[in-house]
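The values are calculated or read from the model by the stated rules, or taken from the named source; none is laboratory data. Every value quoted in this text rests on a predicted model; they were computed, and no experiment measured them. So basically every Cβ, Gly included, is an ideal-geometry build from the backbone, and we count neighbours across all protein chains shown. Note: accessible area is taken over every heavy atom of the protein model, side chains too, but ligands, DNA and RNA are not part of it. Shrake-Rupley method; radii C 1.70, N 1.55, O 1.52, S 1.80 Å.
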Amino acid sequence: MEKAFKNEIKSQFPYLCNSKILLAVSGGVDSVVLTHLCKRAKLDLSLAHCNFNLRDKESKADEEFVANLAKELQVELFVENFDTVKYAKDNKLSTQMAARELRYQWFEELRLKHRFDFILTAHHANDNLETFFINLIRGTGLEGLSGINVDSNYIIRPLLKFSRKEIEAFAIANTIEWKEDSTNASTKYLRNKIRHDLVPILEEMNPQFLDTFLKTQSHLKENEQLVEDYLSLLYPKIVEKTDYGYSLDINYLKKIPNKTAVLYQLLKSFGFTEWNDVYHLLDAQPGKMVFSTSHRLVKDRDYLLLTEIDKTEDKIYEISKDEDFVMLPMGTFSFLEVADIDEKVSNCIYVDPDKLEFPLKVRKWQQGDIFYPFGMKGKKKLSDFFKNKKLSLPQKENSWLLCSGEKIVWVVNQRADRRFSITSPDQKIIKITFSL
């Protein structure tokens, strides 16, 4: 296996030979064998061990074992203790997901702080097989069946071509000790149930099942790449970046074959789960919406509008009288006293400062808001104003108001309120400008 591993490094990961590497070590056979293999390959190596404090004395014993391993191999070691149960409770996660988040967050902190080039984990072929079935059971797309990526960002998994049997055989042949996690024997976890109950049945039917699976998964990865290539050609014809997110051309989507598959590929990273509802938007009435935990998809005439769910809807920002330049989350306001009204553009207005009541307020528009549009007679509901301008729902929702007391001074970057306009050449003039 050592020779095969060195060939794998040479052919697939030659850059690791000149890189500073952080290797995640639990104390289990997979990560311990990977540590020995990397050491024998003379890679520049440091170890990182997470103690999740989930198995009392056993967790501490694992930590001590890894410390001795690092000392034996004369490599640097980083250790972090986590209150995993508390983190899981605070973030409403399963214990396994909490441990995963804590692990990778810490690895990234170490990578940045100590300038590691890559992080190595000991995922192997059997992990890939188990992940395939987990995703299949829970429901997934092609990417979920294609398996664990051999590399993703700074994380490299050089053992993915090797089986658990090969790894254990190498450890035994080389008298390498490791620590066995007692929870690995429990079938209360889905991964362990697949490992101990399902896979043995499949191997009984086909002793070469793992090899067959790896070949099949290789074909799936090729198909996934084919889909990505096809999508890259369609993307600029369907999707347009907007001020508030993305718009998808419904008419173009309806012309192409497999439109629902394309729609899934375009939107899969935005957290949607009710895919039938998403597909039905293509023929729904304007205004129909579908939500994920982070985004919203709206049918708007000939387009689907994708926007991030607004977290600032109820926020009100104040601007004091003595502030000439104010940076807010939605953009920057500047206040400048000028002698004349020169240009009239959408991102600035000219007002009478004596009519302003400070502090000014910046807020989102609300149903029932009324203003007196500059250049028009009488008052107008903002909802009617937006309707006349044919604004989309995201454009309406992202409209901000600059207010003096209860009065609207400016529908920002759209229309000023005439109640604050300059009526005499002898008045003081304040130019208010907004920029993103």
Within the bounds of region 302-325, is there any residue that is surrounded by 15 or more Cβ atoms within 10 Å (Cβ to Cβ), in contact with a helix residue (DSSP H, G or I) (Cβ under 9 Å, 6 or more places away or on another chain) and hydroxyl-bearing (Ser, Thr, Tyr)? yes
Condition set open to solvent by less than 30 Å² (accessible area, probe 1.4 Å) and touching a residue at least 60 places away in the same chain (Cβ under 8 Å), scope region 38-60, selection farthest from Val25 (Cα to Cα): answer is Cys38
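Suppose we keep only residues that are in a strand (DSSP E or B) and on the phi < 0 side of the Ramachandran plot within region 329-341. Which one would you say is surrounded by the most Cβ atoms within 10 Å (Cβ to Cβ)?
Filtering first and then ranking leaves Phe333.
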When every residue in region 228-270 that is among the aromatic types (Phe, Trp, Tyr) and more than 21 Å from the chain's Cα centre (by Cα) is compared, the one least open to solvent (accessible area, probe 1.4 Å) is Tyr252
Looking across region 229-259 at residues that are among the charged types (D, E, K, R) and in a helix (DSSP H, G or I), the single one that is farthest from Ser399 (Cα to Cα) is Asp229
With the first residue restricted to region 137-156 and required to be closer than 21 Å to Leu266 by Cβ and of a type in the set (Ser, Thr, Tyr), and the second required to be modelled with pLDDT of 80 or more and open to solvent by less than 60 Å² (accessible area, probe 1.4 Å), Cβ contacts under 8 Å at 6 or more apart or on different chains are Ser146/Gln217; Ser146/Leu220; Ser146/Glu224
Taking region 144-183 and keeping residues within 32 Å of the chain's Cα centre (by Cα), open to solvent by 50 Å² or more (accessible area, probe 1.4 Å) and on the phi < 0 side of the Ramachandran plot leaves Asn149, Val150, Asp151, Tyr154, Lys161
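Yes or no, residue by residue, for (1) hydroxyl-bearing (Ser, Thr, Tyr); (2) under 21 Å from Thr175 (Cα atoms); (3) touching a Cys at 6+ places or on another chain (Cβ under 9 Å):
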residue	(1), (2), (3)
Ser31	yes, yes, no
His36	no, yes, no
Asp62	no, yes, no
Glu72	no, yes, no
Met97	no, no, no
Leu110	no, no, no
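Which of the residues that make up region 1-31 are of a type in the set (Val, Ile, Thr), closer than 18 Å to Ala67 by Cβ and either assigned to a strand (DSSP E or B) or more than 31 Å from the chain's Cα centre (by Cα) (or both)?
Within region 1-31, the subset of a type in the set (Val, Ile, Thr) is 9, 21, 25, 29.
Those left that are additionally closer than 18 Å to Ala67 by Cβ: 25, 29.
Within region 1-31, just Val29 meets the criteria.
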